[in-house]
Structures are given as C-alpha cells and as structure tokens.
Amino acid sequence: MSLPSREFEALVAPHRRELHAYCYRMLGSLQDAEDAVQETLLGAWKGMAGFQGRSALKSWLYRIATNACLRVIDQRPARLLPYDRAPASQRSVVEPVIEGVPWLEPYPVTLDASFEQRESLELAFVAALQHLPAAQRAALILREVLEFSAAEVAELLATSVPAVNSALQRAKSAVSARVPPLSQQATLAQLGDAARQALVQAYVNAWAQQDSHALVALLAEDARFTMPPIPSWFDGREAVVRFFSEPVFRSPWRLEPTWASGQLAFAAYQGPDFRLGALNVVSLRAGKISEITGFLDPAVHAFFSLPRR
C-alpha cells in the first residue's frame, strides 16, 4: 500500500532539487529533466510498499531516476549546441530553425548554490556530457559530482565495480578534452568582483549603444556566438562582430545582468517594445568573453526568474 501523498512528499522533498539537477545533467534539457523527475517520483510512490528500506532512500530514488533518463536518451538524439552540428556560418545571415532538433538548454542555478553545484552545471561541462554514451554519462555524474561510491554506482547501473571504474575513466578522458582547463567559477574568482562588474557594465553599454567597436574590446580573438534553436553560429571575433554590426545592432536593445548555469548571463530585451528576446549566457577566459550563447526559446525563458518589461 502506498504512503499518503503528504507523507511521501515530506520523505522525498529533500532530494527533489538535486534529482532535477541530476536529470538535467543527464539530459541537457529543463523540460526533459522535469518530466524525468515526475516519472521518478510517481514510480517511487507506486513502489514504496515494495521498497521496505532494502537500500538507502536516496540510492533507490537515483536508481529510478537513472532508468528514467536512460529511457529518454535511448529515444532521442543528444542535445548539443550549434557548433556540434554544423560548420560555422560564413555569412551574416540567420538560417531558419530546424524543426525537431533537440538543443542543449541552460540551467537556472544561481549564486546561492554551492561552488561545486554551479561548476557541475556550467554549459561546457553539461555540453561535454551529452557526447558520452549513456552509461558513461551516468557513471561520471554519480561518482564525480554526486560522490556515490563505485559499489553504489554499480548497484544503481546493474553492473560491476570494474565496469563502473572503466566507464568512469573513459568518461573523464572524453570530458576533459572538451572543457576548458578552468571552470567559469575559477575564472570568475580570478577576475575579481571589480573587474567582473566593469565587464558586465561594458557589455550592457555596448548593446544599449549598438556599438560593435565596444564589443570588439570585450571579445577574445577566437570568440564564438551561437543562438539555439537557430543553427547559425559564428566563429572568431571578426565574424561575431560582423554579425552584430549587420543584423543584431540594427535593433535597439536593453540588457539586464543575471545568472544561468552558474555563469554570467543577460536577459536581452529587443526594441521597440523591448520584449524578452534572448537569454545570453556568457563564458569568460582571461578577462575576455570567449563565448556567447543566446537562448531564444521562450519555453527555456519560462524556467528563469527574468523581469518582464
């Protein structure tokens, strides 16, 4: 017999937030993560009578969540960013959205989360995870992020400890080849509050003044600009600034600083009525902007507490 809903909710509530973050890391999607968590909790509620405390509640919930995520991964392509799908655009034009293509999404984690949680939700790390086979993805997150033991992960994945250790080794090697040497958390700490605030203000001003020359000063030479779900993307400072000079800065903009995926971000409002047009997540390297990812989908914006003008 299942627990009454109130008792069940009190039992699982301490795990809900991290379960959602786990499913997001596995799937790269906010809505997919929400669906996986709901499936997990429904399955746990239905199966509570047979649980009987044979393992820790946390481990049991993660076993159900892992299986839910594995089913999703098996049913659809990996969620990637535009530069993982096609070469950089050679002209300053916007290609039409390709219907049905799943794209990586940002996560609404802010500075009130722990350093470790923010670091493990950064776009580069989550994007790298999406390139891993599902079992390697789960092994890496469960061992390195959530700090389950190898034996616990083996039980969760219904495999052996040597298999978990082998999957973990391969996963760590593949991810390290795709992420920068320094996380955004470490980069922001090195930059310091004063320099960060100056960069934020300069970026806001460049958009408000439609000043491509001011933008040049902020970008790394190899900067990239993407805007999922549009497949077009631009590689290198010259290409990025040319695109901003031609279509983007023809319209007035107002930007509001915020945070997404534990990184600097900006809610971008486009004139003349200044409606929310994009959530720009910014990656930094050595005091310069190395990447701008402009998420355009209103369904993504809905997960963030962004002011509406």
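Read-outs throughout are calculated quantities, based only on the coordinates presented, and are distinct from any laboratory measurement. Source: prediction; values computed, not measured. Every residue, glycine among them, receives a Cβ derived from its backbone with ideal geometry; neighbour counts consider all protein chains shown.
Put a dot 7 Å past the Cα of Gln270, heading toward its Cβ, do the same for Ser176, and the two dots end up 4.2 nm apart.
Distant-in-sequence amide contacts of Gly277, defined by a placed amide H-H separation under 5 Å and a gap of 5 or more residues or a different chain, comprise Ala268, Tyr269, Gln270. Highest mean packing comes first when the peptides 269-275, 148-154 are listed by Cβ atoms within 10 Å, giving 148-154, 269-275. Mean sequence separation of contacting Cα pairs (under 8 Å, at least six apart), scaled by the length of the chain, corresponds to a relative contact order of 18 percent. Amide H contacts for Leu284 (H built 1.01 Å from N in the peptide plane; partners 5 or more residues away or on another chain; cut-off under 5 Å): Ser290.
Simple spin-label estimate for Arg71 and Trp45 gives 1.6 nm between the two label positions (7 Å along the Cα-to-Cβ direction from each Cα).
Considering only the other residues whose Cβ falls under 15 Å of the Cβ of Gln38, what net charge follows from Lys and Arg at +1 and Asp and Glu at -1? The answer is -1.
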